[in-house]
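Worksheet: the structure to be examined is printed underneath.
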Amino acid sequence: MSDKAAAMDVPGIEMRPASASEYCESVLSIPGVETWWWQQGLAPYRGFSRPFRDRDGEWWWGAKPQFAWKMDFFQPLERAPKLPRFKRLLGCQYPVVDELVNSLVHLNVIHQLEGYGLERVASQKRRAIRKGLRHLDVIALDPCDPQTLEQARVVWNSHVERTGWSRVFDRPAFAHHWRPLADTAGTCVIGARDRQTGVLCAWLIARVVQDTVYIDTIASHTERLDHRPNDTLIFTVLHNAARSDGVRHANYFLRSDLAPLEKFKQSLGFDSSGVPARVEVNWLAAFALRHLKPAVWRRLHGDWPPPRNGNA
């Protein structure tokens with residue numbers, strides 16, 4: 001089957017790209033909202049990840065408390081940034097030109113998203129996606145709808161109980177995090193409903209900022225996985241983003257230590273070979289990491305420099 005024929009069954013989802021300023025300013029306008037939704041249940045304290053500007057007007061965010069990352073990780077800098085000291089007490093990391101590289105950031109990315117379709121995914125994944133498109137209705141969700149909100153919370157809590165990741169939410173806490181998605185620039189929330197029963201099987205939050213679509217958060221109900229909603233949702237977002245003006249990259253965030261999860265991402269076309277970057281760490285924190293947490297220090301640098309001739 002050609003991609004053109006397969007694409008006829010892919011639902012059209014409106015993707016509304018936002019500039020970095022539009023996205024970050026909308027996040028800052030909503031009290032208590034972190035940069036990415038997946039941080040909501042993991043934030044060590046409120047506001048640690050909220051975006052901010054450097055002195056050159058570039059946008060950054062707190063990847064870890066007091067550790068800053070550049071928002072656009074695909075535009076290399078040619079010199080050191082001018083960051084507020086209180087935002088980078090432990091350090092920062094940012095993409096750079098070759099002369100400044102001292103680390104790799106292993107993001108799961110697709111750099112050439114144009115024309116993305118079934119031919120870009122693994123053969124077994126194509127069957128899963130076709131199955132999902134036959135049995136699921138993939139639609140945009142309204143975060144302000146009370147019924148949808150409760151259905152999404154049930155899916156989230158089931159996902160957390162299955163994976164052990166993040167934490168479950170009661171209704172008030174979930175609503176506090178979920179409803180602001182409707183007011184955040186560049187954000188779309190889509191869901192996969194069983195075509196026969198109408199139950200919500202899974203949902204996904206995607207952000208389109210500048211020229212990049214981010215897979216922010218995906219959650220699926222443990223007992224509603226038969227029709228492969230995760231595969232279907234991510235493919236649908238990437239397929240639609242690839243057909244949106246100016247969207248060139250996809251970002252599924254950091255490579256994890258979970259082999260099945262990484263295999264899942266790779267089967268959809270993501271690559272985590274590494275983005276050249278520069279990491280700068282407070283001298284005291286660097287000393288502690290080198291001597292007390294060497295594995296964390298190596299991970300921070302992405303095992304830079306890479307081994308020569310493929311040998312360790």
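Values quoted throughout were computed directly from the atomic coordinates according to the rules given, and no laboratory measurement underlies them. Everything numeric in this text was worked out from a predicted model, so none of it was measured. Backbone-built Cβ (ideal geometry, glycine too); neighbour counts: all protein chains shown.
Oblate is the label for the range 20-151, because a/c, from the alpha-carbon gyration tensor with a ≥ b ≥ c as root eigenvalues, is 1.5 or above and a/b does not exceed b/c.
Our summary gives the chain a relative contact order of 26 percent, counting only alpha carbon pairs under 8 angstrom and 6 or more residues apart.
Please compute the Kirkwood hydrodynamic radius over the range 74-138, one decimal place, Å, based on all pairs of different Cα atoms.
16.2 Å
Rounded to the nearest whole Hz, the Karplus-based 3J(HN,Hα) values (6.51 cos²θ - 1.76 cosθ + 1.60, θ = phi - 60°) of the range 86-91 follow the sequence 6, 9, 9, 4, 8, x, with x at glycine and proline. For the range 19-172, the relative contact order is 13 percent, taking Cα pairs closer than 8 Å that sit 6 or more residues apart in sequence and dividing their mean separation by the residue count.
Between residue 290 and residue 147, the modelled label-to-label distance comes to 6.1 nm, taking each label 7 Å out from Cα in the direction of the beta carbon. Grab the chain and count how many Lys pairs have their alpha-carbon atoms under 19 Å apart, sequence gap of 8 or more, or different chains. For the chain, qualifying lysine pairs total 10. Peptide packing for 33-43, 13-23 was compared via the average number of neighbouring C-beta atoms within 10 Å per residue; ordered from the highest value, the list is 33-43, 13-23.
Rounded to the nearest 0.05, what FRET efficiency do residue 167 and residue 266 have when you use their Cβ-Cβ distance and R0 = 30 Å? For residue 167 and residue 266, the calculated efficiency is 0.60. The orientation-averaged projected area of the convex hull spanned by the Cα atoms of the range 212-297 comes to 8.3 nm². With viscosity 1.002 mPa s and temperature 20 °C, the Kirkwood radius over alpha carbon pairs of the chain converts through Stokes-Einstein to a diffusion coefficient of 105 µm²/s. Dividing the summed -39500 (n - 2.57) terms of all DSSP H runs of n ≥ 4 by the residue count of the chain sets its mean residue ellipticity at 222 nm at -9000 deg cm²/dmol.
A Förster radius of 45 Å, combined with the Cβ-Cβ distance separating residue 137 from residue 303, puts the computed FRET efficiency at roughly 0.55. Can you compute the label reach from residue 182? Point 7 Å from Cα along the Cβ direction, backbone N cut-off under 13 Å, restricted to the range 133-161. Residues 141-150 qualify, since their backbone N sits under 13 Å from the label point.
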